[in-house]
Amino acid sequence: MRRYARGLIVGKFCPLHYGHERVIDAALEACDEVFVLGYTRPEFEHCETAERRRWFDLRYPASRAARLRVLVLGADEIQTECTRRGVAVPAPVMPHNDDSEDLHREFCGWICRELFGGSVDAVFTSEAYGDGFAASLTRQFGHPVVHVAVDPARGQVPASGTALRRDPLAGRSLMAPEVYASFVPRIALLGGESSGKTCLAHAVAQALGTITVEEYGRELWVERGGAVLSYEDLQRVAEVQIEREYHAAARAPAGTAIVCDTTPLTTLFYSLKDHGAASSSLLERSRRRYALNVLCEPDFPFVQDGTRRDAAFRAEQHAWYLEQLSECSAKVLRVGGSLASRVEQVLGALR
């Protein structure tokens, strides 16, 4: 029989690791319902709000945790969340990570009351602050809230969020593959039609002993018999391309990057060129950051394989990439010459 009606777990989850999962699983065993609140101000690289939500969606689908309610909040989303849930009272400002414990405890109590819809009976942590947190919630809710300590010595899962952020690749065994994949460096290959991009992607991946993320857009184009992809098709192309990155990153050899044969930036180009517009979702995906963007120079004669447009189109595409990458201050390496020379240029940039 479960001992508590409602349990609470609070954390940054930057990243979500097996230690967090151990606490969540313990709470699910002990409670009828479990609230998980994730927030951090400021955010950390590779642990943005959308990324943390993605981790929870993958690790705790409804089929695994029907009694789990997860709320991962961005600093500027609280009022929007209140409006969505019909909460009329003014929303508090999310505390900064360096603010006092009391301020954070009051914030968590408010979230429980207004956004989770009630108080809790127990708070689950593996931290020394758990007793004080439970005492604060007891005062705020007007009834006892107990602290349940789960592996406080970190003997079962020796994970530390701070240490994992410092060197995430070294902590592969402490995170689920779905989470680890967010930290694997990605090398992006870009270039106009007939610029040697795909050949270079495979050659670089072979030299690094890693995985190539194949270009879904071209596969779909072939499947559709060479017809121009629709506006909706291109939205789907960007989604699938990113999912392929995650799958490849989860399988990548330890300590290696993955090599991406195109990015959603390419999909954005074709959406704008062929349809004169792009969805907000595609625009957002096109801003995806990569450890290195390799732009292939169109420095050899255009080769028409029966599927490409022409040399003028290639030049237009190349110029557009340069403009877009410059605007977002991306790390760019322009490579030219023979395939062997281009591989060496990329490997030199990675050393």
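Would you tally the residues in the stretch 322-351 being within 19 Å of Cys199 (Cα to Cα) and part of a helix (DSSP H, G or I)?
Of the residues in the stretch 322-351, the ones within 19 Å of Cys199 (Cα to Cα) are 332-350.
With part of a helix (DSSP H, G or I) added as a condition, the list becomes 339-350.
So the answer is 12.
Specify the residue that is surrounded by the fewest Cβ atoms within 10 Å (Cβ to Cβ); the eligible residues are those in the stretch 178-210 that are in contact with a Pro (Cβ under 8 Å, 6 or more places away or on another chain) and within 24 Å of Tyr321 (Cα to Cα).
Quick first cut of the stretch 178-210, residues in contact with a Pro (Cβ under 8 Å, 6 or more places away or on another chain) only: 179-180, 182-183, 191-192, 194-195, 209-210.
Next cut, within 24 Å of Tyr321 (Cα to Cα) only: 191-192, 194-195.
On the way: Gly191: 25, Gly192: 25, Ser194: 21, Ser195: 25.
Residue satisfying both the conditions and the ranking: Ser194.
Consider only pairs whose beta carbons are under 6 Å apart and that are at least six residues apart or on different chains; among these, list those whose first residue lies in the stretch 324-343 and is not assigned by TED's automatic domain parsing to the domain that holds Thr263 and whose second residue is loosely packed, with under 10 Cβ neighbours inside 10 Å and among the aliphatic types (A, V, I, L, M).
none
For Cys260, only one of the following conditions fails: (1) on the phi > 0 side of the Ramachandran plot; (2) modelled with pLDDT of 95 or more; (3) not polar (S, T, N, Q). What is its number?
(1)
So which residues in the stretch 22-81 are farther than 14 Å from Leu115 by Cβ, outside any strand (DSSP E or B) and acidic (Asp, Glu), if there are any at all?
If the condition is that a residue be farther than 14 Å from Leu115 by Cβ, outside any strand (DSSP E or B) and acidic (Asp, Glu), then Asp25, Glu29, Glu43, Glu45, Glu48, Glu51, Asp57, Asp76 are the ones that fit.
What residue, of Gln235, Gln241, is surrounded by fewer than 22 Cβ atoms within 10 Å (Cβ to Cβ), of a type outside the set (Val, Ile, Thr) and within 21 Å of the chain's Cα centre (by Cα)? Write out each step before concluding.
Details: Gln241 fails: surrounded by fewer than 22 Cβ atoms within 10 Å (Cβ to Cβ).
When all the criteria are applied, what remains is Gln235.
Does Gly7 count as part of a helix (DSSP H, G or I), at pLDDT 95 or above and in contact with an Asp or Glu (Cβ under 8 Å, 6 or more places away or on another chain)?
Values: part of a helix (DSSP H, G or I): no; at pLDDT 95 or above: yes; in contact with an Asp or Glu (Cβ under 8 Å, 6 or more places away or on another chain): yes.
So Gly7 does not fit the description; no.
Among Asp76, Asp99, which is surrounded by fewer than 17 Cβ atoms within 10 Å (Cβ to Cβ), among the acidic types (Asp, Glu) and at pLDDT 95 or above? Write out each step before concluding.
Numbers: Asp76 fails: at pLDDT 95 or above.
When all the criteria are applied, what remains is Asp99.
State yes or no: is Phe313 crowded, with 16+ Cβ neighbours inside 10 Å, over 22 Å from the mean Cα position of the chain (by Cα) and either in the same structural domain as Tyr246 (by TED's automatic domain parsing) or farther than 30 Å from His46 by Cβ (or both)? Quick ask: steps written out before the conclusion?
Numbers: crowded, with 16+ Cβ neighbours inside 10 Å: no; over 22 Å from the mean Cα position of the chain (by Cα): yes; either in the same structural domain as Tyr246 (by TED's automatic domain parsing) or farther than 30 Å from His46 by Cβ (or both): yes.
Judged against the criteria, Phe313 is not a match.
Which one is farthest from the chain's Cα centre (by Cα), of the residues in the stretch 142-177 that are in a loop (DSSP other than H, G, I, E, B) and of a type in the set (A, V, I, L, M, F, W, C)? Steps first, answer last, please.
Quick first cut of the stretch 142-177, residues in a loop (DSSP other than H, G, I, E, B) only: 142-145, 150-160, 167, 175-176.
If we keep only those that are of a type in the set (A, V, I, L, M, F, W, C) as well, we get 145, 150, 153, 157, 159, 175-176.
Details: Val145: 34, Val150: 27, Ala153: 29, Val157: 23, Ala159: 20, Met175: 14, Ala176: 13 Å.
Here the residue is Val145.
Given the structure, is Gln140 in the same structural domain as Val335 (by TED's automatic domain parsing), among the polar types (S, T, N, Q) and out of contact with any strand residue (DSSP E or B) (no Cβ under 6 Å at 6 or more places or on another chain)? Walk me through how you get there before you give the answer.
Working: in the same structural domain as Val335 (by TED's automatic domain parsing): no; among the polar types (S, T, N, Q): yes; out of contact with any strand residue (DSSP E or B) (no Cβ under 6 Å at 6 or more places or on another chain): yes.
Criteria not met by Gln140.
Which of the following residues is within 26 Å of Gly142 (Cα to Cα) and of a type in the set (A, V, I, L, M, F, W, C): Phe107, Phe56?
Working: Phe56 fails: within 26 Å of Gly142 (Cα to Cα).
On inspection, the qualifying residue turns out to be Phe107.
Mind listing whichever residues of the stretch 28-48 are more than 20 Å from Pro15 (Cβ to Cβ) and acidic (Asp, Glu)?
Listed by number, the residues that qualify are Glu29, Asp32, Glu33.
Only one of these is closer than 22 Å to Ile242 by Cα, of a type in the set (A, V, I, L, M) and over 20 Å from the mean Cα position of the chain (by Cα): Leu268, Leu325, Leu283, Leu292. Name it.
Working: Leu268 fails: over 20 Å from the mean Cα position of the chain (by Cα); Leu283 fails: over 20 Å from the mean Cα position of the chain (by Cα); Leu292 fails: over 20 Å from the mean Cα position of the chain (by Cα).
Unique residue meeting the criteria: Leu325.
The values are calculated or read from the model by the stated rules, or taken from the named source; none is laboratory data. Bear in mind that the values here come from a model prediction, so they are computed numbers and not experimental data. Methodologically, a virtual Cβ is constructed for each residue, glycine included, from the backbone with ideal geometry; neighbour enumeration extends over all protein chains shown.
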